[in-house]
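Engineer: Quick one: this structure, given as structure tokens, is what I'll be asking you about.
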Amino acid sequence: MTNKERAMNILHYKSVDRMPAVHFGYWTELLDEWAQQGHISKDLVKSWSDGNAADRELDKLLGWDFNWARTTGANVGLFPAFEYKILEKLPDGFLRVQNYDGLIERIREGATSIPAEDDYQLKDRASFESLYKPKMQFCKERVPYEYFQNEFQKTVDPDLPIGIFLGSVLGSIRNILSVIGLSYTICDDYELLAEIIDTYAEMQYTCVEEVLKTGAKFDFGHYWEDICFKNGPLISPVMFEELCAKHYKKRNDLCHRYGIDIISLDCDGVTDKLLPIWFENGVNTMFPIEVGTWGDQFEPARKRYGKGMLGVGAMDKTALRKDKAAVDAEIARMQRLADLGGFIPCPDHRLMPGSKWELVQYYADKIKTLRV
């Protein structure tokens, strides 16, 4: 069987010959560690990104079958993006920068962890109208029509599943506003927040529609959100349903019309309060099902929503920093989740610094032996 057949069969409750070994990429600092240890070249580190040739080379070295984060699509972000520029070099060694979303951040050079939000520019209707709204409009330049019409099906690997990136209904807005800015806007100007979300969502819908109209075929659709943390969502579920549910439904209905019935969504943190909104509006695949300090989230979701709730993820990646006993314990837990059906084990986020090369190889080899 191909890995595409394995993945799609599992998510449709069909038989497979074995479990695929699926991952979700790496922190750059980990790749640097592995290069220093002599496992990979520095050139491979520099060229790596999700799903590219360097990623596939790493798959072969480590024993993975594929990276779930293999998606493509139109440019659904701010267009044109803000200029990335250094605003100030701070005495503590940090840089104060304007990023591509116009957010002001403090970063440490060479680090890839989540930066500190320092300030934001979308503070009122005037700044939305002048700085952001023009960048949230659809234009033909967002869609590489020639590629999707003529090159995509020739270049896509038939062995691997490929997803269409569906964008983000609230996560990208949170990036633009910052967590603090989102919180203030919810309280100070709810109507403006609704207009920002609607404007951004309509552009993204058109982008997805234009890609699908080219005839390009995809195995799944995929959202990125990241709007939850260890204590739950960053927004009231009631508000989230009022502001965002309609946009998921509209976009997911579009996917269904083009034969895409697997819709996955990437959200870290504790997601249980938002799951019913996503699920009722067409999202059916949890990813990466972060374990964190709160434990497994997939089994409770399956008990609540039944077989319509699918999953990719839920493997506690920290075991890969420990020893074989810790990895074996996770594999045993993955077998229990796999027994529920409609579930593909995958580390619950990008592999972090300190992950051991030999343990990753061990896990990738052992996960293929799970009974499905």
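Engineer: FRET efficiency for residue 153 and residue 124, Cβ-Cβ distance as r, R0 = 35 Å, nearest 0.05? Could the numbers behind the result be given before it?
Structural biologist: Numbers: r = 46 Å, r/R0 = 1.31.
The pair residue 153/residue 124 has a calculated efficiency of 0.15.
Engineer: Right, here's the next one. Helix 324-338 against the longest principal axis of the chain: what's the angle in degrees, Cα atoms only, rounded to the nearest 10?
Structural biologist: In the chain, helix 324-338 runs at an angle near 80 degrees to the longest axis.
Engineer: Also: Equivalent ellipsoid semi-axes for the range 214-369, as square roots of 5 times the alpha carbon gyration tensor eigenvalues: give them largest first, rounded to whole Å.
Structural biologist: Working: eigenvalues 164, 66, 39 Å².
Equivalent-ellipsoid dimensions as semi-axes: 29, 18, 14 Å.
Engineer: Among 294, 186, 98, which residue has its Cα furthest toward the positive end of the charge dipole of the chain, with +1 on Lys/Arg Cβ and -1 on Asp/Glu Cβ?
Structural biologist: Farthest towards the positive pole: 294.
Engineer: Using Cα atoms only, what is the angle between the long axis of helix 190-213 and the major principal axis of the chain, expressed in degrees (0 to 90) to the nearest 10?
Structural biologist: Relative to the chain, helix 190-213 is tipped by roughly 50 degrees.
Engineer: Starting from the amide H of residue 221, placed 1.01 Å from N in the peptide plane, find each other amide H under 5 Å away whose residue is 5 or more places distant or on another chain.
Structural biologist: 164, 262, 263, 264
Engineer: Just to confirm the number: angle between the C-alpha axis of helix 171-188 and the first principal axis of the chain, 0 to 90 degrees, nearest 10?
Structural biologist: Tilt of helix 171-188: around 50 degrees.
Engineer: Quick one: putting +1 on the C-beta of Lys and Arg, -1 on the C-beta of Asp and Glu, what dipole do you get for the chain around its Cα centre, in Debye to the nearest 20? Intermediate results must be reported in sequence, preceding the final value.
Structural biologist: Numbers: 46 positive and 57 negative charges, 202 e Å.
The calculated dipole for the chain is roughly 980 debye.
Engineer: Based on alpha-carbon centroids, what's the gap between the range 1-75 and the range 96-147 in Å, whole number please?
Structural biologist: The range 1-75 and the range 96-147 have Cα centres separated by 28 Å.
Engineer: Report, largest value first, the span of the C-alpha coordinates of the range 81-174 along each principal axis, in whole Å.
Structural biologist: 51, 35, 21
Engineer: For the chain, with all protein chains present and a 1.4 Å probe, just round the carbon and sulfur fraction of the accessible area to a whole percent. Before the final figure, lay out the partial values.
Structural biologist: Working: 8220 of 16150 Å².
Ligands and nucleic acids excluded, carbon and sulfur give 51 percent.
Engineer: Counting only residues 5 or more places away or on other chains, whose amide H sits under 5 Å from the amide H of residue 232 once H atoms are built in the peptide plane?
Structural biologist: Amide H to amide H, under 5 Å and 5 or more residues apart or across chains, residue 232 pairs with 270.
Engineer: Have a look at the DSSP beta bridges in the chain and tell me what percent are antiparallel, nearest 5.
Structural biologist: Details: 14 of 37 bridges.
So the antiparallel bridges amount to about 40 percent of the total.
Engineer: May I pose another question? Output the Kirkwood hydrodynamic radius of the chain, Cα pairs only, in Å rounded to one decimal. Could the numbers behind the result be given before it?
Structural biologist: On the way: mean 1/r = 0.0462 Å⁻¹.
When all Cα pairs of the chain are included, the Kirkwood radius is 21.6 Å.
The values are calculated or read from the model by the stated rules, or taken from the named source; none is laboratory data. Keep in mind it's a predicted model, so treat the numbers as computed, not measured. Quick reminder, even Gly has a Cβ in these numbers, built from the backbone with ideal geometry, and neighbours come from all protein chains shown. Just so you know, the surface numbers come from the protein's heavy atoms only, side chains and all, with ligands and any DNA or RNA stripped out. Shrake-Rupley method; radii C 1.70, N 1.55, O 1.52, S 1.80 Å.
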